[in-house]
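This report concerns only the one structure given below.
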Amino acid sequence: MSEVKHGLEGVVAFETQIAEPDKEGGALRYRGVDIDDLVGRVPFENVWGLLVDGRFSPGLPPAEPFPLPVHSGDVRVDVQSALAMLAPAWGLQPLLDTTDDDARDQLARTAVMGLSFVAQSARGSGLPMVPEHEVDKAESVVERFMIRWRGDPDPRHVKAVDAYLTSAAEHGMNASTFTGRVVASTGADVAASLSAAVGAMSGPLHGGAPSRVLAMIEEIERTGDAAAYVKRMLDSGERLMGFGHRVYRAEDPRARTLRRVARELDAPRYEVAEAFEKAALAELAERKPDRVLATNVEFWAAIVLDFAEVPASMFTSMFTCARTAGWSAHILEQKKTGRLVRPSAMYAGPAPRTPDTVAGWQ
Ligand code: ACO
């Protein structure tokens, strides 16, 4: 009898050349290049190129002028539905009927619209859209995104957002990437694959709850004593947000890189975050000596995004913008396999029976 692997833990379903976190060593490499060598040195669009094309290609083109079709009041819902709508609007064909080159170009066009839709949604329906000639003054995809959102962004905020997007661009076989690959494996179009991945990311167990770190930082700012706060939280059985990881048994490499970025940018909350981190690591090491509980990506991402004046309510959508890179690379890789993803389940329901034995039969 085959064994059920709940949550597919430990199941190796694909071979990939894109990335897989180095769990013990605490490193993350995109096609072999350490993210710490990319962040701050290679703009996000070229990192997109590295992930999708395997080289520093121009990667993402500028987003096309396309007004956000839905304003629901929830940025994630807006971007997910708008991405799906690109298929009929642009006449995108199923991946099954598309060449690899065309699929790659459609992914670039569609993925960059994710950033545009997030920017437009964040700007809100009350403000006029920023004219395209203003957006065209930008020198990078991230600058275009920030202009579309804010009109005239602080260049240091652009740097912070670019650093965040690169460090969160790809992370192996997580739930949203798996979802994108499954949809792509059915031969569906790229807009369906990407919008499905956005839906998978929206859950709190994946990308839906990163703002909780900031709430803890705010509490420490209020009380002024990180060590006492950490003890109090752990004594009452609470978890410290931004610490621990399902995969890494070392520091999350993205935390390391984003800590450096926060320091370089002189983020106003750097010091209080550092004090929180120091107190938390000391206390966790004492209380859980057998387990490595180190800082995870969400901790320093919160500080970097906060510095860029990204509201906590938008953190999940920023994660979406970043991960369009990894999703696109995986969707293309999946398409090239030509293989439908179709696992099995072990049936544990009722034995064969007739309809009249089922409750509700008239
Ligand atoms: N604070 C305090 N204790 C913790 C923490 C934490 N952040 N993380 C784990 N522990 C403790 C648990 O209480 C548990 O103790 P026990 O054995 O006495 O019950 C032990 O460490 C193991 O915990 P698990 O939940 O089994 O560890 P797992 O690896 O499954 O969890 C997770 C990983 C969910 C991220 C966890 O560390 C956590 O809840 N962290 C806080 C939330 C957070 O930062 N989430 C973002 C993760 S990053 C990302 O998803 C992109």
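Could you list, in sequence order, all residues of the range 109-126 that are out of contact with any helix residue (DSSP H, G or I) (no Cβ under 7 Å at 6 or more places or on another chain) and at negative phi?
In the first step, residues of the range 109-126 are kept if they are out of contact with any helix residue (DSSP H, G or I) (no Cβ under 7 Å at 6 or more places or on another chain); the result is 109, 124-126.
Correct list: R109, S125, G126.
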Self-check item: Hey, V142 β-branched (V, I, T) and open to solvent by less than 50 Å² (accessible area, probe 1.4 Å) or not
Solution: yes
Quiz item: From the list A308, A312, A285, which residue is more than 11 Å from the ligand (Cβ to nearest atom), over 15 Å from the mean Cα position of the chain (by Cα) and in contact (Cβ under 8 Å) with a residue 12 or more places away in the chain?
Solution: A308
Quiz item: What number of residues within the range 199-246 satisfy the criterion of being out of contact with any strand residue (DSSP E or B) (no Cβ under 7 Å at 6 or more places or on another chain), hydrophobic (A, V, I, L, M, F, W, C), within 7 Å of the ligand (Cβ to nearest atom) and within 13 Å of R287 (Cβ to Cβ)?
Solution: 2
Practice problem: Out of the residues in the range 151-188 that are surrounded by 17 or more Cβ atoms within 10 Å (Cβ to Cβ) and basic (K, R), state the one that is farthest from P343 (Cα to Cα). | Solution: K159
Self-check item: Test result for M233, within 30 Å of R109 (Cβ to Cβ), of a type in the set (A, V, I, L, M, F, W, C) and surrounded by fewer than 22 Cβ atoms within 10 Å (Cβ to Cβ)
Solution: no
Practice problem: Please go through the range 170-186 and pick out each residue that is within 26 Å of R256 (Cβ to Cβ) and in contact with a Leu (Cβ under 6 Å, 6 or more places away or on another chain). | Solution: E170
Practice problem: Return only the number of the condition from (1) more than 19 Å from the chain's Cα centre (by Cα); (2) open to solvent by 30 Å² or more (accessible area, probe 1.4 Å); (3) more than 16 Å from T295 (Cα to Cα) that R249 does not satisfy. | Solution: (3)
Quiz item: Quick one: in the range 303-362, which of the residues that are among the small types (G, A, S) and part of a helix (DSSP H, G or I) is farthest from V77 (Cα to Cα)?
Solution: A329
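The values are calculated or read from the model by the stated rules, or taken from the named source; none is laboratory data. Everything numeric here is computed off the predicted structure, so don't read it as measured data. Cβ atoms come from the backbone with ideal geometry, glycine included; neighbour counts cover every protein chain shown. Just so you know, the surface numbers come from the protein's heavy atoms only, side chains and all, with ligands and any DNA or RNA stripped out. Shrake-Rupley method; radii C 1.70, N 1.55, O 1.52, S 1.80 Å.
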